[in-house]
Amino acid sequence: MTIRNQSILITGAASGIGKACAELFAREGARLVLADRNEAALQTLSASLRSQTPSVHSMAFDVGDANQCKALVDLTVAQHDRIDVLIHAAGICLACPLLEMSDDQWRETLRVNLDGSFFITREVAKAMVPQKSGTMVLLTSDRGLYGSQTYAHYAASKGGMIALTKSLALSLGQYGITVNGLNPGMTDTPLARDANPHLWDEKMALDVLGSANLPEQAAQTLLYLAGVGGRFTTGQILGTRLRHGQ
């Protein structure tokens, strides 16, 4: 199934995997609404894509704010009359040893990654249910399965997202809506590099292929899940890579 002319909402679209999805989906002819907290980068990306796709709109937002998530969904429906696909890539990852972690660091990671995932999928579901169709794909993480020594808050948030993905699939399948997750593994994005710049080479050595994924590779997998894969697959967490020691 092609995504041409499909109404697709992408969060976290200004960089990394979200940006790679926006660029790929634009080439495929999707109608896009792009969202990110980085308004300047978002506007630059949107302008660069307008010659490739019939419709591109953007909105700066905080995914951890329920009202802003509702406003984003309202914008998407207002522009495209419907939402066919949600690619939810917004999130944060800041390294901090468990015993040094403050209450605020813990709460902020859960607010953005887990609360934000609930807020945006709830609002998108409200738009998709009357359609009796739709596909959601959440960017989860293998750290949600295996834990982390230096990212306990991140791992906990992603574990919650995995459970949320499966719960959404169970709740929304009766409306023809599919929901899946992607654990992309170590991917060469600003988020990943900023989280552990001094450990980057060491992290790469743990990957079974000895290198990082590229955002463009993850985007191709998300294109499959947004298209033909999302028509018959639901409640699944697709993992792309293994690490030594898992």
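Only the coordinates and a few stated rules stand behind these numbers; no lab work does. The structure presented is a predicted model; accordingly, all values stated were derived computationally and were not measured. Positions of Cβ are backbone-derived with ideal geometry, glycine not excepted, and every protein chain shown enters the neighbour counts.
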antiparallel share of DSSP beta bridges within the chain, to nearest 5, in %, is 5
Taking R0 as 41 Å and r as the Cβ-Cβ distance between Arg27 and Ser211, the FRET efficiency 1/(1 + (r/R0)^6), rounded to the nearest 0.05, comes to 0.95
Taking a label point 7 Å from the Cα of Val129 along Cα-to-Cβ, the residues of the range 161-186 whose backbone nitrogen sits under 19 Å from it are 164-180
Among the DSSP H helices of the chain, those whose Cα atoms extend at least 27 Å along the helix axis and whose mean Kyte-Doolittle hydropathy is 0.0 or higher are 152-172
Note: Tyr224 to Glu202 extended length (0.36 nm per residue) minus current alpha-carbon separation gives 4.8 nm
Gly181 neighbourhood, Cβ < 15 Å, K/R = +1, D/E = -1, net charge +3
Surpassing 22 Å at the alpha-carbon level, of the pairs Lys19/Lys132; Lys19/Lys166; Lys70/Lys132; Lys132/Lys166, are Lys19/Lys132; Lys19/Lys166
Expressed in nanometres to one decimal, the distance between label points 7 Å along Cα→Cβ at Ala95 and Arg82 is 4.6
The set of residues whose placed amide H lies less than 5 Å from the amide H of Gly134, leaving out same-chain residues fewer than 5 positions away, is Thr178
Rounded to two decimals, the Rg over Rh value of the range 19-65 from Cα coordinates and the Kirkwood Rh reads 0.97
Simple spin-label estimate for Arg122/Asp74, 7 Å along Cα→Cβ, in nm, reads 1.6
Log10 I(q)/I(0) at q = 0.15, 0.18, 0.25 Å⁻¹ for the range 58-152, from Debye over equal alpha-carbon scatterers, is -0.65, -0.84, -1.30
Convex hull around the C-alpha positions of the chain: the volume in Å³ per residue is 115
Length-normalised contact order of the range 18-173, Cα under 8 Å, at least 6 apart, in percent, tallies to 22
Taking the alpha-carbon centre of each part, the distance from the range 36-60 to the range 71-134 in Å is 19
Kirkwood-based Rg/Rh on the Cα set of the range 99-179 evaluates to 1.07
Given unit charges at Cβ for Lys, Arg (+) and Asp, Glu (-), the dipole magnitude of the range 6-51 about its Cα centre in debye, nearest 20, is 60
Toy charge model, Lys and Arg Cβ at +1, Asp and Glu Cβ at -1: the chain dipole around Cα centroid in debye, rounded to 20, equals 780
Here the range 86-99 yields Karplus 3J(HN,Hα) values (6.51, -1.76, 1.60; θ = phi - 60°; whole Hz; Gly and Pro given as x) of 10, 10, 9, 10, 5, x, 10, 8, 10, 5, 6, x, 3, 6
For the range 22-94, listing trypsin sites (Lys or Arg not before Pro) in a DSSP loop whose Cβ sees at most 14 other Cβ atoms within 10 Å gives Arg50
